[in-house]
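> Sharing a structure below in structure tokens format, with a few things to ask.
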Amino acid sequence: MISLIVADDHPLFRSALTSALMAKIDNLVIAESGDLDSTLDHLHSDTEFDLLLLDLNMPGSGDLYGLIRIRKDYPEVPVAVISGSEDSEVVARVIEAGALGFIPKTSEPATYVAAIDAILAGEIWLPDSLRQQLEQLPKPDLNMQHKVAELTPQQFKVLCYLHEGLLNKQIAYELDISEATVKAHITAIFRKLEINNRTQAVLIASDLKLQLTQR
């Protein structure tokens with residue numbers, strides 16, 4: 001039996017991909033999630049999944065944050081990224097961050113099956129055209145993404161609220177904590193990200209496209 005998670009915020013895409021894979025792979029079990037939080041919930045309850053198919057841009061994932069967070073917290077779970085973009089620089093960052101494959105969303109079902117088979121066999125799978133492009137690119141610097149992945153879930157929420165422009169008292173209300181606790185979280189965020197002020201924090205959150213799954 002093979003167990004997968006399809007993590008994507010578009011229900012129709014998840015449903016179509018799930019149906020296509022179920023029709024082509026015997027003894028397949030698929031769980032679905034639409035944001036980073038529910039994906040982490042699946043992984044927390046069961047780390048025996050054979051593969052996670054992860055959309056980079058679903059709510060809460062924030063560019064590479066979701067991938068790096070999952071690789072850090074659940075290193076035993078293989079991850080392949082599925083994306084509507086085939087930008088070679090994005091693919092390079094994805095592989096450098098620990099993904100075992102990159103599958104364009106426009107791929108035919110047979111391509112998904114071939115990719116899944118290769119990854120489960122221990123290979124890194126990429127479309128041939130992207131593999132050739134990656135060989136010509138320098139390795140990306142993922143330093144800041146790794147720093148953000150070191151934040152606790154509460155600190156990550158505070159950073160996202162800073163990005164939204166909320167004041168400390170508004171963040172305290174949203175998280176049901178004291179303003180003093182918010183200030184402590186902000187101090188910890190500055191220390192972990194090696195920055196000095198809110199403006200730098202907002203710029204980092206903007207560059208990494210960080211967002212909360214829900215308010």
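The values are calculated or read from the model by the stated rules, or taken from the named source; none is laboratory data. Bear in mind that the values here come from a model prediction, so they are computed numbers and not experimental data. Don't worry about glycine lacking a Cβ; one is built from the backbone with ideal geometry, like all the others, and counts go over all protein chains shown. Accessible surface areas use protein heavy atoms only, side chains included; no ligands, DNA or RNA. Shrake-Rupley method; radii C 1.70, N 1.55, O 1.52, S 1.80 Å.
> Sort through A97, A80 and tell me the only one that's at pLDDT below 90, under 29 Å from C160 (Cβ atoms) and among the aliphatic types (A, V, I, L, M).
A97
> Could you please give the count of residues in the range 180-215 that are in a helix (DSSP H, G or I) and either open to solvent by less than 80 Å² (accessible area, probe 1.4 Å) or under 14 Å from H163 (Cβ atoms) (or both)?
Qualifying residue count, the range 180-215: 21.
> Would you please list the contacts, defined by Cβ atoms under 6 Å and residues six or more apart or on different chains, that run from a residue in the range 95-121 that is in contact (Cβ under 8 Å) with a residue 60 or more places away in the chain to a residue that is open to solvent by 10 Å² or more (accessible area, probe 1.4 Å) and not in a loop (DSSP other than H, G, I, E, B)?
P109/A20; P109/K24; V113/K24; I119/W125
> On to the next question. Look through D41, D9, D26 and report the one residue that is within 15 Å of S83 (Cβ to Cβ) and of a type in the set (D, E, K, R). Even if it seems obvious, please write down each step before you answer.
Working: D41 fails: within 15 Å of S83 (Cβ to Cβ); D26 fails: within 15 Å of S83 (Cβ to Cβ).
After applying the criteria, what remains is D9.
> With the range 1-86 as the region, which strands (runs of 3 or more DSSP E) entirely inside it contain at least 1 residues that are in contact with a Leu (Cβ under 8 Å, 6 or more places away or on another chain), aliphatic (A, V, I, L, M) and crowded, with 20+ Cβ neighbours inside 10 Å?
Output list reads 2-7, 51-55, 79-83.
> Please name all residue pairs, on different chains or six or more residues apart, with Cβ atoms under 7 Å, provided the first residue is in the range 54-74 and is within 21 Å of Q154 (Cβ to Cβ) and the second residue is polar (S, T, N, Q) and open to solvent by less than 10 Å² (accessible area, probe 1.4 Å).
none
> Would you mention how many residues in the range 165-179 are assigned to a helix (DSSP H, G or I) and surrounded by fewer than 15 Cβ atoms within 10 Å (Cβ to Cβ)?
4
> Can Q154 be described as polar (S, T, N, Q) and either crowded, with 19+ Cβ neighbours inside 10 Å or at pLDDT 85 or above (or both)?
yes
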